[in-house]
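A.B. asks: This structure is in structure tokens; I'll ask about it shortly.
The values are calculated or read from the model by the stated rules, or taken from the named source; none is laboratory data. Model, not experiment: these values are computed from the prediction. Ideal geometry is used to build each Cβ from the backbone, glycine not excepted, and the neighbour counts take in all protein chains shown.
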Amino acid sequence: MTMKNGFKRNWLYFAITILLISAPDHVSAHKGHEEARRKAATNTPESVTEATPTASVLAPELSAARSGSGATGDHDPGDHSAGHRVESAPAAAAEPPSNVPKPLAWVGRFHPPLTHFPIALLSVAALAEFLAIRTRSSYFENVVHFSVLVGAISAVGAATLGWLFGGFHLVDDEWPMTAHRWVGTTTALLSIGLLVLLERARQDDATRIRFRILLFTAAAVVGVTGFLGGALVYGLDHYAWSFES
């Protein structure tokens, strides 16, 4: 009866963790759809240039087109070369790495969503292990066992997809990408060690100490990995605090 209740509690923790992980994504997606809808409604050249990272490069062509035809009221309906170049920019940016087969590169695109699991679950496991040390409660030990099991497996999977997503390079053009690549790989190696020690840590005190050291290290390293991954999208100064109004 106790094992059945523990099993139900573990699945409850898992469901709550999934909700916490997915909630920010749903909010971001909703905001992204709203922004895209507003830009589509305005349908101005400025909104087109802001829609892609290459807008600053293509802006002079758009300006020349407006000054050459729009200023006089003459516009050739068949001349949409500049607009087509802007719209095709995301397709060019989505090209897979040259040293990864296209089917595997497509699978690698699931790297970003999968990274949520090891970040959340290994952090929860470290917190639960700390509470287990303080309270000596088997309740938190069950949380640790489940969180490490799922978090470590997902960490190995996320690292594998990351290599498929970014290509097989030892050094990248930008140092944050190189750091993210190798710190993430380190997280995967630490996670494999956690899986090896997971069952024995319940029976042997010496193994439990090694397991705890490895777990707290993995939780810190996966946090750094997540920060570097976010920096690739939002920039290193995303969390910078500005006191200026």
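A.B. asks: Which residue is farthest from His116 (Cα to Cα), if the candidates are limited to region 136-145 and must be part of a helix (DSSP H, G or I) and either under 22 Å from the mean Cα position of the chain (by Cα) or polar (S, T, N, Q) (or both)?
C.D. replies: Keep residues of region 136-145 that are part of a helix (DSSP H, G or I), which gives 138-145.
The next check asks that each one be either under 22 Å from the mean Cα position of the chain (by Cα) or polar (S, T, N, Q) (or both); those that pass are 138, 142.
Details: Ser138: 26, Asn142: 21 Å.
Checked region 136-145; the qualifying residue farthest from His116 (Cα to Cα) is Ser138.
A.B. asks: If we scan region 111-133, do we find a residue that is part of a loop (DSSP other than H, G, I, E, B), modelled with pLDDT of 95 or more and out of contact with any Cys (no Cβ under 7 Å at 6 or more places or on another chain)? Let's see the steps before the verdict.
C.D. replies: First, pick out the residues of region 111-133 that are part of a loop (DSSP other than H, G, I, E, B): 115.
Narrowing the set further to residues that are modelled with pLDDT of 95 or more leaves 115.
With the extra rule that they be out of contact with any Cys (no Cβ under 7 Å at 6 or more places or on another chain), the set shrinks to 115.
Yes, the conditions are met somewhere in region 111-133.
A.B. asks: Inside region 157-182, can you point out the residues that are buried (at least 20 other Cβ atoms within 10 Å of the Cβ), of a type in the set (A, V, I, L, M, F, W, C) and within 21 Å of Thr217 (Cα to Cα)?
C.D. replies: Those that are buried (at least 20 other Cβ atoms within 10 Å of the Cβ), of a type in the set (A, V, I, L, M, F, W, C) and within 21 Å of Thr217 (Cα to Cα): Ala158, Ala159.
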